[in-house]
Every structure is written in structure tokens, then in C-alpha cells.
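Notes for the one structure printed next.
The values are calculated or read from the model by the stated rules, or taken from the named source; none is laboratory data. The structure presented is a predicted model; accordingly, all values stated were derived computationally and were not measured. All Cβ positions, glycine included, derive from the backbone under ideal geometry; neighbour counts span all protein chains shown.
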Amino acid sequence: MTRRFRLLVLLVVLVVTGSLVALWTQRDEPDPVTILGPWTDAQERQFEEVLRGLGVPFDYQGTAAQREVLLSQVQSGDPPDIAIMPGVGELAEYADQERLKPLNGLYDASEYGAPWSSADDASEDVYWVPVKADLKSIVWYRHGNEPSGTPAPMESWCIGMGDDGASGWPGSDWIEDLVLQRAGPETYGEWVLGLEPWTEKPVRTAWRAWGRLLQQNPGAAEHALLTDHRSDADRDGLLFANESGCTLEHQGSFARAFYGDRHAGLTDSAKLLPGGPYRLRAHEVTGDFAALFSDRPRARELIGKLASQEGQRAWARFGDVFSANREVPPKHTDTGADIAERLTGSGVRCLDASDVMAPALRDAFYEATLLTMARAAEGTDLDIPGLLSDLQRVQEAQPRARAGLERVCSGP
């Protein structure tokens with residue numbers, strides 16, 4: 001081996017070794033940006049790959065119990081630099097307590113349309129930005145089982161109410177979508193912000209429509225009550241588990257992650273909802289929103305890069321990730337372009353109602369949907385007026401001021 005060749009080999013080794021050290025010390029470097037988020041397992045690895053590409057040292061903690069973990073950290077006086085939460089209900093409370101730092105000027109806010117921003121105009125403070133978005137008000141179906149344009153019976157629906165940390169939310173999605181498609185975005189927004197009582201017609205008639213669907217098949221209602229929304233431990237997704245012969249799933253775009261290599265079609269939900277068909281009034285959307293708990297320059301830099309067009313493109317290259325950034329191109333898949341158009345296109349979008357509500361009200365909402373399903377499974381009176389009166393009392397006990405929550409839906 002010549003001296004020149006040995007030097008070349010040594011140089012290659014140093015470059016490769018240096019690259020590996022640079023890659024891993026982003027987590028191990030002193031004083032990294034601490035991040036708390038909802039992604040674990042495969043999505044945690046994907047997200048950390050994106051973070052490494054941003055060039056800012058970080059320490060990411062992923063947990064399915066991020067609400068509880070964040071509350072504990074805040075109460076102990078040691079919150080993360082950045083918290084990523086599914087929805088903005090908790091974040092609005094932290095903003096009211098003046099624990100969040102404004103994000104103004106850290107990224108190009110014009111790349112995000114309503115209702116993703118927490119501010120109506122450039123003069124207002126922005127407290128959160130969606131770093132991952134998902135579409136609701138859609139129905140998935142197995143190919144070869146494309147639904148008709150009329151409401152489907154209970155046995156056609158794949159429903160699972162269980163979840164590791166918040167059982168019942170799939171039921172709230174049904175109620176929310178029914179309120180939105182029956183009453184429209186304006187009434188929906190007033191209800192979400194506490195201006196339209198739970199006991200009035202829009203919510204009452206939507207809840208009854210869902211209750212009548214459940215009462216069609218008490219056995220199917222019982223199965224749904226005892227089933228995880230992801231299906232079994234293999235996470236095949238309810239649509240392809242085929243335990244009960246169901247062919248439709250009223251679920252967000254994140255359901256694609258449960259289907260694996262299996263292909264499913266999607267359609268707007270309005271024509272299939274009980275009591276319909278309805279015309280599509282808007283799409284419900286949800287997201288994972290990042291917020292700043294510290295003013296450290298590195299934390300500000302990282303959240304700005306993550307929300308930027310470049311950061312969102314890097315994150316959205318993974319198959320099950322969608323962005324609310326209008327500059328991120330749609331995915332070239334059978335459903336990817338359809339989802340992206342509904343998330344960022346010209347249609348009306350409304351934030352998921354329970355994600356916006358105060359945590360105490362959100363939890364009561366979930367419990368009420370579980371109780372409705374349990375009563376349907378038992379064949380007893382659903383007592384919808386009683387449930388809604390209880391929810392209204394919880395609503396009235398919540399504080400009025402909620403920073404950053406002036407608007408729930410985008411304009412027509």
C-alpha cells in the first residue's frame with residue numbers, strides 16, 4: 001500500500017467517523033433542545049431522522065401519555081423547550097397562563113392557511129404551529145367495496161373506541177362530523193368555542209342520529225366498545241381485520257399507518273353519515289402542534305426549521321405524514337394527493353372540536369360517547385338529554401379566556 005493510498009484511506013475513515021460523531025452528538029451534546037412529542041416506535045425514528053437533518057442538537061422524548069408527562073414537567077418547573085401536542089386545547093391553557101413563547105417571525109406563517117394558525121392577522125401573537133396534519137370527515141373502504149351515496153347500516157362500519165390514553169375519541173369524531181355536516185361551519189365553530197350550548201338542536205340532533213345508528217345492532221355496538229381503534233396487537237387496522245365483516249371506517253388519514261401494505265380508497269363522509277345523506281359542508285382536520293416553553297435561541301431555531309417549507313418537506317417524505325404547509329407538494333399516491341388537497345386547498349376546514357376544547361370538557365365528551373355506546377349495546381335508554389346537560393355544566397365551569405382560539409374554521 002503506497003503512502004498516498006494510506007493517507008486517502010485514513011482521510012475517508014476520518015470523514016465517515018466524523019459524520020457519525022456529528023450524527024449522534026446531536027442527541028448527546030450538552031444542553032440540547034428538549035422536545036416532548038407523541039411519536040414512538042417507527043414514527044419516533046422517522047421524526048428523529050428529520051430532526052438530525054435540521055442541524056440543531058436535540059433530546060426527543062416520545063410518549064403516548066404526553067399530556068400527563070407535560071403537566072408533570074410544567075408543575076415541577078422543568079418543562080421541555082418544545083412540546084408537540086395532538087390538538088390545541090392544552091396549549092391554549094398554557095398560553096393563558098403565559099407559559100408559552102410567541103413564534104412570530106420564526107417561520108413563514110403565510111405558508112399556513114386558516115384554521116392552522118392561532119392568529120387572525122400578523123399583529124397577533126402565534127403560539128403554535130402544526131408540524132404534522134391529518135384529515136378527518138372521510139371514510140376509508142376496501143377496494144371492491146366502494147360505498148354507495150346513502151348512509152350505511154351499523155354492521156358496515158368498522159368502529160373501535162379503545163385507545164391507550166384516551167378511549168372514546170373515535171365516538172367524538174362521529175358527533176363532531178355530524179354537527180359539522182348538518183349545521184355547517186359557523187354553528188360548529190360556535191359550539192366548539194362554547195357559544196352554542198350542547199343542549200340545543202345542532203348537537204342534540206347529531207347525537208341522536210349517531211345513537212340511532214348504534215341501536216340498529218347492539219352486538220356491533222358492544223364489539224366496537226371493546227375494540228381498539230387500531231385493531232389487534234399487529235395493528236392491521238380495523239378495516240382489514242375483518243373480524244365482523246365491516247367494510248367502511250370513519251377515521252382520519254392517520255389510519256393509513258395501520259393498514260400496512262394494504263390499499264384502501266377514501267371518500268368524503270357526508271353522504272354516508274346516519275340521518276343523511278348530507279352535502280359536504282367542510283372537512284374536519286387535526287394536527288400535532290408544536291409550541292415553545294422556553295426562549296432559548298437553539299429552541300427557537302429548531303422550531304422555526306421544523307415549521308419551514310424545508311423541514312416540512314423532509315417530514316412529509318414519509319408515507320404516513322402529511323403537512324399543513326401549502327408549499328409542500330402532495331404525495332403521488334392513490335390517496336395522498338386527495339388528502340393533501342383537502343388539507344391545504346380551497347375547501348373549508350375546521351379544527352377537530354374535542355382537540356380545541358378545554359381538557360376537562362374534552363375528557364367528559366369522550367366519556368359520554370362511551371356511555372352512549374354502552375347503553376346501545378345493553379339496549380337501554382340512551383338518555384341523550386341527560387348526557388348533554390351534564391356536558392353543558394362542564395362547559396360552563398371552564399374559564400372563558402383562551403389565548404389563540406378566536407377561530408375554529410377557515411372561511412368559505
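Miscellaneous remarks
- Selection count, region 199-228, where residues are within 20 Å of A282 (Cβ to Cβ) and in a loop (DSSP other than H, G, I, E, B): 1
- So S354, is it in contact with a helix residue (DSSP H, G or I) (Cβ under 6 Å, 6 or more places away or on another chain) and either touching a residue at least 24 places away in the same chain (Cβ under 8 Å) or of a type outside the set (K, R) (or both): yes
- Residue satisfying all of: in region 227-255; modelled with pLDDT under 80 and of a type in the set (D, E); nearest to C158 (Cα to Cα) among these: E243
- Failed item, numbered, when A360 is tested on (1) surrounded by fewer than 16 Cβ atoms within 10 Å (Cβ to Cβ); (2) more than 24 Å from L387 (Cα to Cα): (2)
- Taken together, the residues in region 68-85 that are charged (D, E, K, R) and within 22 Å of A307 (Cβ to Cβ) amount to 1.
- All positions within region 378-412 that are closer than 21 Å to T286 by Cα and either out of contact with any helix residue (DSSP H, G or I) (no Cβ under 6 Å at 6 or more places or on another chain) or in a strand (DSSP E or B) (or both): E406, R407, C409, S410, G411, P412
- Filter result for P115 (part of a loop (DSSP other than H, G, I, E, B), touching a residue at least 12 places away in the same chain (Cβ under 8 Å) and farther than 19 Å from E284 by Cα): no
- Scan region 120-166 for residues that are in contact with an Asp or Glu (Cβ under 9 Å, 6 or more places away or on another chain) and part of a loop (DSSP other than H, G, I, E, B) and the total you get is 12.
- Whichever residue in region 376-412 is β-branched (V, I, T) and closer than 30 Å to W116 by Cβ and, among such residues, is surrounded by the fewest Cβ atoms within 10 Å (Cβ to Cβ): V394
- Index of the failed condition, G265 passing every other in (1) within 26 Å of H223 (Cα to Cα); (2) surrounded by 19 or more Cβ atoms within 10 Å (Cβ to Cβ); (3) not acidic (D, E): (2)
- Only one entry in G113, G168, G162 is on the phi > 0 side of the Ramachandran plot and not charged (D, E, K, R), namely G168.
- Every residue from region 328-360 that is in a loop (DSSP other than H, G, I, E, B) and closer than 25 Å to I35 by Cα: V328, D352, M357, A358
- You will find that of G252, G336, the residue that is more than 19 Å from V129 (Cβ to Cβ) and out of contact with any strand residue (DSSP E or B) (no Cβ under 7 Å at 6 or more places or on another chain) is G336 and no other.
- Test result for G105, part of a loop (DSSP other than H, G, I, E, B) and surrounded by fewer than 16 Cβ atoms within 10 Å (Cβ to Cβ): yes
- Evaluating A376 against the criteria (1) modelled with pLDDT of 95 or more; (2) out of contact with any Gly (no Cβ under 7 Å at 6 or more places or on another chain) leaves one unmet condition, (2).
- Look at (1) buried (at least 17 other Cβ atoms within 10 Å of the Cβ); (2) over 23 Å from the mean Cα position of the chain (by Cα); (3) not charged (D, E, K, R) and you find that I339 fails only one, number (2).
- Those strands (runs of 3 or more DSSP E) of region 13-96 in which at least 1 residues are at pLDDT below 95, considering only elements entirely within it, cover 82-86.
- Test: residue in region 264-284 that is assigned to a loop (DSSP other than H, G, I, E, B), under 23 Å from the mean Cα position of the chain (by Cα) and at pLDDT below 95: no
- Verdict on F318 being under 19 Å from the mean Cα position of the chain (by Cα) and either surrounded by fewer than 23 Cβ atoms within 10 Å (Cβ to Cβ) or not in a strand (DSSP E or B) (or both): yes
- Test: residue in region 357-372 that is free of Cβ contacts under 8 Å to residues at least 12 places away in the same chain, among the hydroxyl-bearing types (S, T, Y) and under 29 Å from R256 (Cβ atoms): no
- Out of E176, E196, E186, E249, sole residue that is surrounded by 19 or more Cβ atoms within 10 Å (Cβ to Cβ), more than 19 Å from L387 (Cβ to Cβ) and of a type in the set (D, E, K, R): E249
- Unmet criterion (only one of (1) more than 25 Å from E93 (Cβ to Cβ); (2) surrounded by fewer than 21 Cβ atoms within 10 Å (Cβ to Cβ); (3) under 22 Å from the mean Cα position of the chain (by Cα)) for D163: (1)
- Residue, nearest to the chain's Cα centre (by Cα), within region 289-303, restricted to residues that are part of a helix (DSSP H, G or I) and buried (at least 19 other Cβ atoms within 10 Å of the Cβ): I303
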